[in-house]
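To start, the structure under review is shown below, and the notes come after it.
What follows draws every value from the coordinates through simple rules; no lab data is involved. Every value quoted in this text rests on a predicted model; they were computed, and no experiment measured them. Here Cβ is always computed from backbone atoms with ideal geometry, including for glycine, and neighbour counts include all displayed protein chains.
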Amino acid sequence: MARNFFTLMRSSAPGATAAAEPDRATAPPPPPNVKQDDAGGGVHLDPTLAAVRHEITEAVDMALQLRNVSAFYGTFQAIDRMTMPIPQNRVTALIGPSGCGKSTLLRCFNRMNDLIPGARMEGEIEFEGRNLLDPNIDAVEVRRRIGMVFQKPNPFPKSIYENVAFGARINGYSGDMDRLVEDALRRAALWDEVKDELDKSGLALSGGQQQRLCIARAIAVQPEIILMDEPASALDPVATLKIEDLMRELAEHYTIVVVTHNMQQAGRVSDYTAFLLAGEERVGRLVEFGPTQEIFTNPLDQRTEDYITGRYG
């Protein structure tokens, strides 16, 4: 899906004219929650001000609905009262500077934070009418239905076949395992490259192939949502493009939520974007959420435009 990422760059490009500026006559003014200290630096986020949200005009169901989600590591608060939807069968990108809570938020979606001593979460993440943060919800079942692909490829020291089959086996799958493995590898765009060497160690694959193998492993347990934490940051440009193409294809069958620091990547692959930012107190908050095209070409908050155009972050 083509994205006009560089539209925003025109305002700071040499020779830019007033006619090139976006028409904001009908857009709401950005909220007054950017302040400078006396030294002229430091972003302050007013926790009493709500994030800016663009209207979702397409008819789309919501895979997840966040309401006032906060996360803590002991006494340190990592994210504060985030409220936003995650549209179904779409790619949603979480963007923002390092330390703003993107990965923490991603791990809230499938309760991975439960595995960190002292971590706790508040608020609601609604999934099929139930709150995933309810302590009575089985976190293991949550992780089966909401899979995760990590930043660094982490195949098991097993064969390609057993890497894909592993999760299905421990979840009691009793169907045709050969067919399941093939289907998962096909959906991960890896089957044609490995179909004649399924007994080969997954660790012997290239970095890009290993990441696609990890995606196949996540697919094999038949999740509804796939979380990706910077899945291409450790890959070369060719492998990165393969992962991006794969994300677009997977969105036909799954809901994808991806954390990325790469603005061009977010513009290329995502349908919706959430911009997170942490102030001097290091608490991450949602600044703006909406369709990627609108976030990148007509942001409603000045800080969003500053980040996307590279003025900070």
Task: Residue check for Asn262: under 22 Å from Thr83 (Cα atoms), surrounded by fewer than 19 Cβ atoms within 10 Å (Cβ to Cβ) and in contact with a helix residue (DSSP H, G or I) (Cβ under 9 Å, 6 or more places away or on another chain) - done: no
Task: Pair list, Cβ under 7 Å, 6 or more apart: segment 141-156 residue aromatic (Phe, Trp, Tyr), other residue not in a loop (DSSP other than H, G, I, E, B) - done: Phe150/Asp229; Phe156/Asn163; Phe156/Phe166; Phe156/Gly202
- [ ] All but one of (1) under 29 Å from Asn171 (Cα atoms); (2) buried (at least 22 other Cβ atoms within 10 Å of the Cβ) hold for Leu115, so report the exception by its number.
- [x] (2)
Open item on the list: Among the residues that make up segment 280-300, is at least one of them among the acidic types (Asp, Glu) and in contact with a helix residue (DSSP H, G or I) (Cβ under 6 Å, 6 or more places away or on another chain)?
Closed with: yes
Task: Within segment 243-313, strands (runs of 3 or more DSSP E) holding 3 or more residues that are closer than 20 Å to Pro47 by Cα - done: 272-278, 284-291
- [ ] Give the residues of segment 71-103 that are in contact (Cβ under 8 Å) with a residue 12 or more places away in the chain, surrounded by fewer than 18 Cβ atoms within 10 Å (Cβ to Cβ) and part of a loop (DSSP other than H, G, I, E, B), sorted by residue number.
- [x] Gly74, Gln88, Asn89, Pro97, Ser98, Gly99
Task: Candidate set from segment 225-246 (those that are among the hydrophobic types (A, V, I, L, M, F, W, C) and surrounded by fewer than 18 Cβ atoms within 10 Å (Cβ to Cβ)); member that is farthest from Val259 (Cα to Cα) - done: Val238
